[in-house]
1. Ignoring ligands, DNA and RNA, what percent of the accessible area of the chain is carbon or sulfur (1.4 Å)?
2. Across segment 1-53, what fraction of all alpha-carbon pairs, as a whole percent, falls in each successive 5 Å bin from zero upward?
3. Suppose every Lys and Arg Cβ carries +1 and every Asp and Glu Cβ carries -1, with no other charges. What dipole size does the chain come out with about its Cα centre, to the nearest 20 debye?
4. Below 10 angstrom from the Cβ of GLY9, what's the summed charge of the other residues (Lys, Arg +1; Asp, Glu -1)?
5. Determine the relative contact order of the chain: mean sequence separation of Cα pairs under 8 Å and six or more apart, normalised by residue count, in whole percent.
6. How far is helix 68-79 tilted, in degrees, relative to the longest principal axis of the Cα atoms in the chain, given as a value from 0 to 90 rounded to the nearest 10?
7. Just the number please: accessible area per residue for the chain, 1.4 Å probe, all protein chains included, in Å².
8. Report the label-to-label distance for GLU60 and ARG17 in nanometres (one decimal), using points 7 Å from each Cα along the Cα→Cβ vector.
Amino acid sequence: MPNTTVIVGSAEGLHARPAGIIAEAAEKYDTDIEITYDGEEADAASAMLIMALGAEKGAEVTVSGDDATAVAEIAALIEQDLDEG
């Protein structure tokens, strides 16, 4: 299963706006994508579950799933500052 570890880039961490953008991107894939932080897993297609992780800027998270393209896209989004806009 492809996985990659990245650093959260959004200034306020994975709160509502970044979580919504990530979930929207994950929903377009017909596969499960998981985000893991501090031993907790969240479905990348659920903004609520992403926010519940409580990952702040600079936190190390792991993105995993069966589709390497999907994992790479979600990981790239997490690394960006999605609060800019």
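The values are calculated or read from the model by the stated rules, or taken from the named source; none is laboratory data. All values derive from a computational prediction rather than experimental measurement. As a convention, Cβ positions derive from the backbone with ideal geometry for all residues, glycine included, and neighbour counts pool all protein chains shown. Ligands, DNA and RNA are excluded from the accessible area calculation, which covers all protein heavy atoms including side chains. Shrake-Rupley method; radii C 1.70, N 1.55, O 1.52, S 1.80 Å.
1. 44
2. In order of increasing distance, the bins hold 4, 21, 31, 29, 12, 2 percent.
3. Magnitude of the dipole: close to 140 debye.
4. Details: positive: LYS57; negative: GLU79, ASP81, ASP83, GLU84.
With Lys, Arg at +1 and Asp, Glu at -1, the neighbours total -3.
5. Values: 185 pairs, mean separation 40.6, N = 85.
Contact order relative to length: 48 percent.
6. 0
7. Using a 1.4 Å probe on heavy atoms only, each residue of the chain averages 53 Å².
8. That separation, rounded to one decimal, is 2.8 nm.
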